[in-house]
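Chemist: I'd like to ask you about the structure that follows.
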Amino acid sequence: MQVFDIQITNDLQEITMHGNPSFPIGVYKTLLSKNVYGYVPLHWHDEIQFVLVLRGCVSFSVNQSIYYVEENNGIFINSSCLHSARTYNAEDSEYICFDINPSFLAGSHGSIICQKYLEPFLKSRSNAAITLNTFIPWQKEILNDLSNLFEIYTRHEFGFELNMYSILLRVWHSVITNTPDYINEVHGNTFTEDQRIKNMLSFIHQNYKQKITLEDVAKAANVSRSECCRFFKQMTKLTPFEYIISYRINQSILLLRKSDLTISEIADEVGFGSVSYYIEKFRKHTNYTPKEFQNYCITLTKCID
């Protein structure tokens with residue numbers, strides 16, 4: 001299964017239901033070129049995530065860090081961390097991922113498992129992401145477990161839920177026993193940073209159709225304009241202005257695919273001041289003009305039909 005168009009709220013929280021309440025695990029096989037954007041956009045969710053790259057190389061952005069994960073390697077992404085995924089070096093990439101509700105591992109709320117081995121780690125931003133490499137023995141074991149988990153899930157034989165549960169507990173035990181420094185970490189400042197960037201992004205997503213100034217974005221997080229520029233670039237690798245342009249382009253792509261609006265109407269709808277400026281920025285981001293991209297989508301749809 002693949003989620004082709006991730007649904008997110010204005011503060012970038014993904015609202016996909018991963019699994020179901022009785023077995024809250026989402027298992028996905030993702031080919032990045034099939035995503036509606038050609039990549040997985042920035043988002044966060046309460047679930048922890050394990051990824052195993054099957055082919056190609058994937059660039060994962062997690063909070064303010066970039067991780068390049070090659071074929072047969074993987075990555076762990078902690079709960080509530082902003083992350084995205086793009087193919088690297090222009091080669092299409094494919095990976096399997098497991099989105100796991102932490103409550104599935106915790107057992108009953110307030111248990112020693114939850115208090116000692118789960119909640120402190122979920123709040124630990126020094127462990128926002130952990131790369132999993134084949135040349136490190138304990139990480140290689142996890143990668144093998146992820147491959148086995150996918151096969152077990154795919155076969156859906158009687159007892160597969162118990163089998164997956166036991167393997168995931170072993171995986172989690174391996175993660176926490178090989179990253180012992182998380183227990184004494186101070187969380188307050190990092191939580192504030194997470195909330196600050198979410199406030200900025202939420203403001204942009206709610207107001208991208210209107211003119212947005214640097215002062216507007218700074219006010220959303222109650223910081224100065226200079227701090228806004230520094231912090232935003234640190235967290236997203238883009239300036240606020242670059243991010244706004246990129247977000248408007250992405251929203252226009254959805255309209256080019258799914259609406260009958262003219263190029264001029266789309267430019268106005270997503271907040272560009274002029275058609276010529278929209279075309280210039282669209283070409284810079286996609287190597288197509290909006291019209292060329294729209295025609296490509298129409299041709300592709302006819303071929304599929």
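Each row is one residue, and each column tells you yes or no for (1) touching a Leu at 6+ places or on another chain (Cβ under 6 Å); (2) at pLDDT 95 or above.
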site: 132; (1), (2): yes, yes
site: 140; (1), (2): no, yes
site: 145; (1), (2): no, yes
site: 148; (1), (2): no, yes
site: 178; (1), (2): no, no
site: 186; (1), (2): no, no
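Chemist: Still on this structure: Only one of these is among the aliphatic types (A, V, I, L, M), under 12 Å from residue 49 (Cβ atoms) and not in a loop (DSSP other than H, G, I, E, B): 105, 118, 146. Name it.
Modeler: Just a single option satisfies the conditions, and that option is 146.
Chemist: Based on this model, can you work out whether residue 79 counts as closer than 25 Å to residue 148 by Cβ and part of a loop (DSSP other than H, G, I, E, B)?
Modeler: yes
Chemist: Quick check on residue 27: is it in contact with a Cys (Cβ under 9 Å, 6 or more places away or on another chain) and buried (at least 21 other Cβ atoms within 10 Å of the Cβ)?
Modeler: no
Each row is one residue, and each column tells you yes or no for (1) within 29 Å of residue 199 (Cβ to Cβ); (2) touching a Phe, Trp or Tyr at 6+ places or on another chain (Cβ under 6 Å); (3) in the same structural domain as residue 39 (by TED's automatic domain parsing).
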| position | (1), (2), (3) |
| --- | --- |
| 56 | no, no, yes |
| 70 | no, no, yes |
| 91 | no, no, yes |
| 95 | no, no, yes |
| 101 | yes, no, yes |
| 109 | yes, no, yes |
| 124 | yes, yes, yes |
| 163 | no, no, yes |
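Chemist: Given 22, 84, 93, which one is modelled with pLDDT of 90 or more, among the hydroxyl-bearing types (Ser, Thr, Tyr) and over 25 Å from residue 297 (Cα atoms)?
Modeler: Exactly one of 22, 84, 93 is modelled with pLDDT of 90 or more, among the hydroxyl-bearing types (Ser, Thr, Tyr) and over 25 Å from residue 297 (Cα atoms), namely 22.
Chemist: Is segment 166-177 home to any residue that is touching a residue at least 40 places away in the same chain (Cβ under 8 Å), over 18 Å from residue 28 (Cβ atoms) and of a type in the set (Val, Ile, Thr)?
Modeler: Yes: segment 166-177 contains one or more residues that are touching a residue at least 40 places away in the same chain (Cβ under 8 Å), over 18 Å from residue 28 (Cβ atoms) and of a type in the set (Val, Ile, Thr).
Chemist: Evaluate the following for residue 50: is it modelled with pLDDT of 90 or more and either surrounded by fewer than 20 Cβ atoms within 10 Å (Cβ to Cβ) or of a type in the set (Lys, Arg) (or both)?
Modeler: no
Chemist: Out of the residues in segment 270-284 meeting the condition of being surrounded by 14 or more Cβ atoms within 10 Å (Cβ to Cβ) and more than 10 Å from residue 252 (Cβ to Cβ), tell me which one is modelled with the lowest pLDDT.
Modeler: 283
Chemist: Restricting the search to segment 115-130, which residues are under 17 Å from the mean Cα position of the chain (by Cα) and within 12 Å of residue 175 (Cβ to Cβ)?
Modeler: Matches in segment 115-130: 122, 127, 129, 130.
Chemist: Now a separate question. Among the residues of segment 64-75, what is the count of those that are surrounded by fewer than 21 Cβ atoms within 10 Å (Cβ to Cβ) and either within 28 Å of residue 231 (Cα to Cα) or among the charged types (D, E, K, R) (or both)?
Modeler: Qualifying residue count for the region: 7.
Chemist: How about segment 269-291: which of its residues are part of a loop (DSSP other than H, G, I, E, B) and of a type in the set (Ser, Thr, Tyr)?
Modeler: Across segment 269-291, the qualifying residues are 274, 288, 289.
Chemist: May I pose another question? Could you tell me whether any residue of segment 35-47 is within 21 Å of residue 169 (Cα to Cα), assigned to a strand (DSSP E or B) and not β-branched (Val, Ile, Thr)?
Modeler: no
Chemist: So, restricting to helices (runs of 4 or more DSSP H) that lie completely within segment 205-261, which ones have at least 3 residues that are farther than 26 Å from residue 14 by Cβ and over 19 Å from the mean Cα position of the chain (by Cα)?
Modeler: 214-220, 225-236
Chemist: A follow-up question, please. Can you pull out the residues in segment 37-47 that are at pLDDT below 90 and either among the hydroxyl-bearing types (Ser, Thr, Tyr) or within 22 Å of residue 119 (Cβ to Cβ) (or both)?
Modeler: Matches in segment 37-47: 37, 39.
The values are calculated or read from the model by the stated rules, or taken from the named source; none is laboratory data. This structure is a prediction, so every number in the text was calculated from the model and none was measured. Using ideal geometry, Cβ is built from the backbone for each residue, glycine included, and neighbour counts are taken over all protein chains shown.
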